[in-house]
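The values are calculated or read from the model by the stated rules, or taken from the named source; none is laboratory data. Computed from a predicted model, the values in this text were never measured in an experiment. Positions of Cβ are generated from backbone atoms using ideal geometry, with glycine treated the same way; all protein chains shown enter the neighbour counts. Note: areas computed on protein heavy atoms with side chains; ligands, DNA, RNA excluded. Shrake-Rupley method; radii C 1.70, N 1.55, O 1.52, S 1.80 Å.
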Amino acid sequence: MQRVRSVCPLDCPDTCGLLVDVVDGKVERVTGNPDHPVTKGAICHKVRRFPERVYHPDRLLNPMRRTGPKGSMQFEQISWSEAYDEIRRQFDSAIDKYGAESILPYSFYGNMGVLNAEGMDRRFFHRLGASRLERTICNSAGAAGFAYTMGATAGVDPEDTVYSQLIVFWGCNVVSTNMHQMLLAEQARKRGAKIVVIDVHNNRSAKWADWFIPIRPGTDAALALGVMHLLIRDHLIQEDFVEKYTVGYDQLKHHVLEYTPEKVSAITGVSVEDLCSLAQLYGTTSPSFIRIGNGLQHHDNGGMIVRTIACLPALTGQWGMRGGGALKGNSYYAALNTRALQRPDLLPRPLPRSINMNQLGDALLKTDRPIKVLFVYNSNPAQVAPDQTKVRQGLLREDLFTVVHDLFLTDTCKYADLVLPATSHFENLDLYKSYWHLYLQLNEPIIPPIGECKSNFTLFQELAKVMGFTEPCFDETEEEMIETALHNGNNPYLSEISFQTLREQGWVKLHIDFAPGHRVGAPTPTGKKVALYSRQMERAGLAPLPAHQGLREDDTYPLYFTTPPNHHFLNSTGANVSMLMAAERRPTLQMHPLDAKHRKVEQGRLVKVFNDRGSIVLQADITMDVQPGLVIAQGLWWDDDELGYQSVNVLTSQRIADMGGGATFFSTRVEVARL
Ligand SMILES: Nc1nc2c(c(=O)[nH]1)N[C@H]1C(S)=C(S)[C@@H](COP(=O)(O)OP(=O)(O)OC[C@H]3O[C@@H](n4cnc5c(=O)[nH]c(N)nc54)[C@H](O)[C@@H]3O)O[C@H]1N2
Ligand SMILES: Nc1nc2c(c(=O)[nH]1)N[C@H]1C(S)=C(S)[C@@H](COP(=O)(O)OP(=O)(O)OC[C@H]3O[C@@H](n4cnc5c(=O)[nH]c(N)nc54)[C@H](O)[C@@H]3O)O[C@H]1N2
Ligand code: SF4
Ligand SMILES: [Mo]
C-alpha cells in the first residue's frame, strides 16, 4: 500500500488536501490530509465516497456515438480516432456554412484544476474562434457587488477567523458548503465568539448557530441598511476609520435615514427587536467577521445585496483587525497569469460574440446566427442551468451537434451525439487554487487513466492537432503550463511559488502580508478606499449608494421557491452515487404547515410544483424550518423516470441579476398543488 497526497477537485471553497491509500494501483481509501493547515485531516462524506465514484460501474470508459433518437440514451462504442474524425467533420462543416461562432463551448468547474478547467480548453476554443462563454452561473453577481465596494474579490484570511468574537454567516450554509469555515468558527466559539446565521430557512448551519435570524428572500440589503441606520443613530460608527479609509460616508449617512427599523422590519420580516439586537451586537463586538454566501446573490438584486453587506465592516473599523472583516471570495489573491495560460491573443478580431451561460436555453433556440455545435465539459447543463425545458428543447434540435466530455452518462449526455470519457483527477496532473483559503496545491496523478479516459488537457491538446493548429502553445506539457501560470509579474502574492516548490511541499501559502499595520494602511487590496458611495457604479448606470431593490419575478405565483445545494451532493455531482443518494433519501419540497394546510397537502404526499415555465413532482415535507410563503427544494438531483422526478431547474428563470450577468435561481415563484 502507498499513501499519497492528492487535492479535492470539486467546486467547493475548502479545496482540501487529501491523503489517498493506493493498493495494487487502485484507490482504496480517501481521507483528509492531517498536515494540511486548513484541512487538518477532516473531509466531507462526498469525497470519502470517491473510490465508489472512480470505480463506479457506470463510469464512462470509451467514446460513444448516438444510435437512437436524441434523449433515448442509445449509444454504440467507437474509437477515439473515429470520434476525432467526426468532430473535425462537424467543426469544418459548421465553420464553412455559419462561421466558427456557430460553435459554443459550455463548461464550468466540475473539476477545479487550472489546466483542466481553464487552460488548454481556452487556448483551443480561442484559436478556433468559437463563441465565448460568460461563466456566470455561480458567484458573478456577488463578486461584482463585493468588488464595487472593496475594489476586488478579496477578503480576509479565513484562518484568522479563529480570533473573531462575532461571526455572521449571511446566506451561507457553511455546515454543508464550507465545512472548514465551520470548524474555524467552532474554535472561535470556544474563545467566546457568538455565531449568527441569517438565512431564508432553518438549515443545518442555522441549527448549529447561536442565533438564527430568518429573513424573506432577496431582502438582505434592507436588513444591512437597517443595521447601518442604527449604527449611525446609536453612535457605533468608528469615525476615525471611516474618515481615513472610506468615501461617501456623508451621503450614506443621509441616505440610510429612510431605512427605519419599522420600514426594514416590514420589508425583511425580521422583528424590530431582532434588528436592534443585531445592530447592537455588530456595533459593539470586535473583531467581527461576516462570511457572505452564494445563496443571497442568486437573486435579481444579488449584486446590490452583497455590495451593501460589504459596507458594514468598514463602518465599525473591522478591516484593521485580525479576525475582523468579511469574505465573499478570495480569488483575487491567487490570480494566475491568465494571458499566458489561456492565450486570449489567439482569438480572432473582431472578437467572437459572447453568450451568457445562464441563457443557454434561449441561445440554443434562436434561429439567427444559430449555434450548430455545442461542446460540453466540466458541467451538466441539462440539470444545472436555469429554465431547463428550454435548455432541453435546444438540446433536442436535430440540427445541433453536441459533444459531451464527462465521467458519467449525465442527463446532458442523453442529448449528445458524441460522448467522450473523462479521467478523474486521480489520473491527472494539475494545479489547484481555492476561492476561500490561501494555499496553492499541486495534484499529481496517482493511478493511470482508467479505460480509454482522457483528461480535458489531453483532449484539447489532441483536438488542436486534429484541427491542424500548429502554434507551439499546443505542445506545452502540463508542467510547463503550470510554470507559465505561476509566473504572473503583476501578482506579488505568487512570488517565489514554483512548480518545484509545489511538488516538494504539496501546497504553498500565498505571500500576503495581513499584518495589522499593513491592513490598516490599505483596507482594500488595491489600495483604494472602501466605496460607500461608488462612482464606478454611478458610471455603470447603477445606484451609487447601497439600496434595497425588490425582486422582479411577478407575483402571479404566490410562493417563493429557493433551491440551494444539499449536504451530500456537489451541485449535480455525486447524485448518482448510491451511498450519497441514500443519505439524501429523495427530492422533497419543504413547506410551512400554513401553506400546506391551505392547499390540503399532507406530509409525505406527492405535490405538483409549477409556474409558467413548467411543473415538477416532489414529496411534501411539512416543516416549521421554512417560513410561510416560501418553499424549498434542496439539491440538484438527476432525472428519475421511476419516481417521475425532474430537476428543480424546470422552474427557474434565465433572467439575469443586477450585476455580473449572474444567475437568479433563488428569485423564482411557484404554486403548489396536491396530486
Ligand atoms: N454540500 C455541498 N457543498 C457545496 C456545494 C454543493 O452543491 N453541496 N456547492 C458548492 C458551490 S458551487 C457553491 S457556489 C457553494 C454555495 O454555498 P453557499 O455559499 O452556502 O450558498 P448556497 O448553499 O447556495 O446558499 C446558502 C444559503 O442561502 C440561503 N438563501 C437563499 N436566498 C437567500 C436570501 O435572499 N437571503 C439569505 N440571507 N439567504 C438566502 C439558502 O437557502 C441557503 O441556505 O457551495 C459549494 N459547496
Ligand atoms: N437550482 C439551482 N441551480 C444551480 C445551483 C443552485 O443552487 N440551484 N447552483 C449553481 C451553481 S452555484 C453552480 S457552481 C452550478 C454548477 O454546475 P456544474 O458546474 O455543471 O456542476 P455539476 O453538476 O457538479 O457538474 C459538473 C460535471 O463535470 C463533470 N466532471 C468532473 N470532472 C471532470 C473532468 O475532469 N472533465 C470533464 N470533462 N468533466 C468532469 C462531473 O462528472 C459533472 O457531471 O450549478 C448552478 N445551478
Ligand atoms: S468537497 Fe469540499 S469539504 Fe469535501 S473534500 Fe472537497 S474541498 Fe473538502
Ligand atoms: Mo457555485
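Side notes on the structure shown:
- Of all the residues in the range 617-644, those that are under 24 Å from the mean Cα position of the chain (by Cα) and open to solvent by less than 40 Å² (accessible area, probe 1.4 Å) number 9.
- Test for Gly71: is it open to solvent by less than 50 Å² (accessible area, probe 1.4 Å), farther than 30 Å from Ile482 by Cα and either in contact with a Phe, Trp or Tyr (Cβ under 9 Å, 6 or more places away or on another chain) or acidic (Asp, Glu) (or both): yes
- None of Glu478, Glu483, Glu504, Glu496 is at pLDDT 95 or above and more than 27 Å from the chain's Cα centre (by Cα) except Glu504.
- Flag if Val38 is aliphatic (A, V, I, L, M), within 11 Å of ligand 3 (Cβ to nearest atom), touching an Asp or Glu at 6+ places or on another chain (Cβ under 7 Å) and at negative phi: yes
- Residue match in the range 8-19 (condition: buried (at least 18 other Cβ atoms within 10 Å of the Cβ) and more than 10 Å from ligand 3 (Cβ to nearest atom)): yes
- Consider the range 397-416 and keep the residues that are surrounded by 20 or more Cβ atoms within 10 Å (Cβ to Cβ) and among the acidic types (Asp, Glu). The one that is farthest from Leu61 (Cα to Cα) is Asp411.
- Within the range 557-577, considering residues that are surrounded by 21 or more Cβ atoms within 10 Å (Cβ to Cβ) and aromatic (Phe, Trp, Tyr), the one nearest to Ile632 (Cα to Cα): Phe561
- Residue satisfying all of: in the range 370-396; open to solvent by less than 10 Å² (accessible area, probe 1.4 Å), of a type in the set (A, V, I, L, M) and over 18 Å from Glu86 (Cα atoms); nearest to ligand 2 (Cβ to nearest atom) among these: Ala385
- Check on Thr308, among the β-branched types (Val, Ile, Thr) and either within 16 Å of ligand 2 (Cβ to nearest atom) or open to solvent by 10 Å² or more (accessible area, probe 1.4 Å) (or both): no
- Residues satisfying the stated conditions in the range 425-474, i.e. in contact with a Gly (Cβ under 9 Å, 6 or more places away or on another chain), in a helix (DSSP H, G or I), more than 22 Å from Gln500 (Cβ to Cβ) and among the hydrophobic types (A, V, I, L, M, F, W, C): Phe460
- When Pro105 is tested against (1) touching an Asp or Glu at 6+ places or on another chain (Cβ under 9 Å); (2) closer than 20 Å to Val466 by Cβ; (3) open to solvent by 30 Å² or more (accessible area, probe 1.4 Å), only condition (3) is not met.
- Contacts under 8 angstrom Cβ, first residue in the range 338-366 being under 15 Å from Leu104 (Cβ atoms), partner aromatic (Phe, Trp, Tyr) and assigned to a loop (DSSP other than H, G, I, E, B), 6 or more apart: Met357/Phe108
- Of all residue pairs spaced 6 or more apart or on separate chains, those with beta-carbon atoms under 8 Å, a first member in the range 187-213 that is surrounded by fewer than 17 Cβ atoms within 10 Å (Cβ to Cβ) and a second member that is aromatic (Phe, Trp, Tyr) are Arg191/Tyr163.
- Of all the criteria given as (1) away from ligand 1 (no atom under 16 Å from the Cβ); (2) surrounded by fewer than 17 Cβ atoms within 10 Å (Cβ to Cβ); (3) within 26 Å of the chain's Cα centre (by Cα), the one not satisfied by Arg48 is (1).
- Here Leu580 fits the description: within 16 Å of ligand 2 (Cβ to nearest atom), open to solvent by less than 50 Å² (accessible area, probe 1.4 Å) and over 30 Å from Glu479 (Cα atoms).
- Members of the range 529-583 found to be under 18 Å from Gly218 (Cα atoms), in contact with a Phe, Trp or Tyr (Cβ under 7 Å, 6 or more places away or on another chain) and within 16 Å of ligand 4 (Cβ to nearest atom), listed by number: Thr562, Thr563
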